[in-house]
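Report on the structure given below.
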Amino acid sequence: MERFKSKVVVITGGNSGIGYATAKEFKAQGATVIITGKREAALDKASKELGVVGKLTDQANMQHIDRLVAEISDAFGKVDVLFINAGVAFFAPIQFTSEDQFDTMVDVNFKGSFFTLQKFLPILIDGASVIFLTSGNTALAMENSSVYSASKSAVGHLAKIAAKELAPRKIRVNTVNPGPTETEMQGKFGMDEATLNGMKTQIIGQVPLRKMGVPEDVAKMVAYLSDDSVSSFVTGGEFFIDGGMAL
């Protein structure tokens, strides 16, 4: 069933992981999908594999976002679903977190998310769905994640306020908060394989369902929150997809 036929869906950070899986889900449901990414080779590869439009964009760069909005407006005239998914993570104790790591996470995760929403508002249809990717960390006090967790918590609060401000236009705003999920990003934490596997084992031990999630789990929730036939009365919500880790 093509639930999203004639719908225009924009997914930031769509060339891998959760963004890629979500683009695949919407494409299978008949949507016109635009994904963004800041790695040109990865973006080209993903857009060809998925059969979607790829736009080279750094979510932390305001000029890039302006250009993205202008190009989508010219080509499609509107956006029905906006999934603000792009993000970065560095994990270190407060004592050893660098200013560059701090700035990167805040600029991409929070500032980038805020201005992506702001700049897309003129071309979001009344009744559009906006979904932010935050994190299961927003409900935890996990060591070595202070800036990452704070930046994602800021996005969560942004989403709640946006849900109220945009309600007169019937634009629904929600967050999905993944717990430990098998994605390409885990390979970018700067750890060797043995350390990464040890970390995964430790994390799984804290998950009541005793497993890691997969990107498709999040993709299906994003699609649900974008489908007016099942979620038209849902806004300002936080949806934890974490195997019960936040309990």
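Each value in this text was obtained by applying a stated rule to the coordinates, not by laboratory testing. Just so it is clear, the model here is predicted, and its values are computed rather than measured. Cβ placement follows ideal geometry from the backbone for every residue including glycine, while neighbour counts extend to all protein chains displayed.
For the pair residue 41 and residue 161 in one chain, pulling the backbone fully straight at 0.36 nm per residue adds 39.6 nm over the alpha carbon distance. Which of rounded, prolate or oblate describes the range 118-187 when judged by the alpha-carbon gyration tensor and an a/c cut-off of 1.5? Note, shape of the range 118-187 comes out prolate.
The residues packed around residue 235, meaning those with a beta-carbon under 14 Å from its beta-carbon, carry a net charge of 0 if Lys and Arg are +1 and Asp and Glu are -1. Over 26 Å apart at the Cα level, from the set 152/220; 27/160; 55/200; 78/170; 160/200; 7/211, are 27/160; 55/200; 160/200; 7/211.
In a reduced charge model with +1 at each Lys and Arg Cβ and -1 at each Asp and Glu Cβ, the range 37-121 shows a dipole moment near 220 debye about its Cα centre. Each residue of the range 69-84 was assigned a 3J(HN,Hα) from its phi angle through the Karplus expression (A = 6.51, B = -1.76, C = 1.60, θ = phi - 60°), giving 4, 5, 5, 5, 4, 5, 7, 10, x, 6, 9, 8, 9, 10, 10, 8 Hz with x at Gly and Pro. Determine Rg/Rh for the chain; Rg is computed over alpha-carbon atoms and Rh is the Kirkwood hydrodynamic estimate from the same atoms. A ratio of 0.95.
Once both labels are positioned 7 Å from their Cα atoms along Cα-to-Cβ, the gap between residue 63 and residue 114 label points is 2.2 nm. Summing charges over all other residues whose Cβ lies under 14 Å from the Cβ of residue 82, with Lys and Arg as +1 and Asp and Glu as -1, gives +4. With R₀ fixed at 51 Å, the C-beta to C-beta distance from residue 99 to residue 229 puts the FRET efficiency at about 0.60.
Each Lys and Arg contributes +1 and each Asp and Glu -1, all at the Cβ; summed about the Cα centre of the chain, the dipole is approximately 600 debye.
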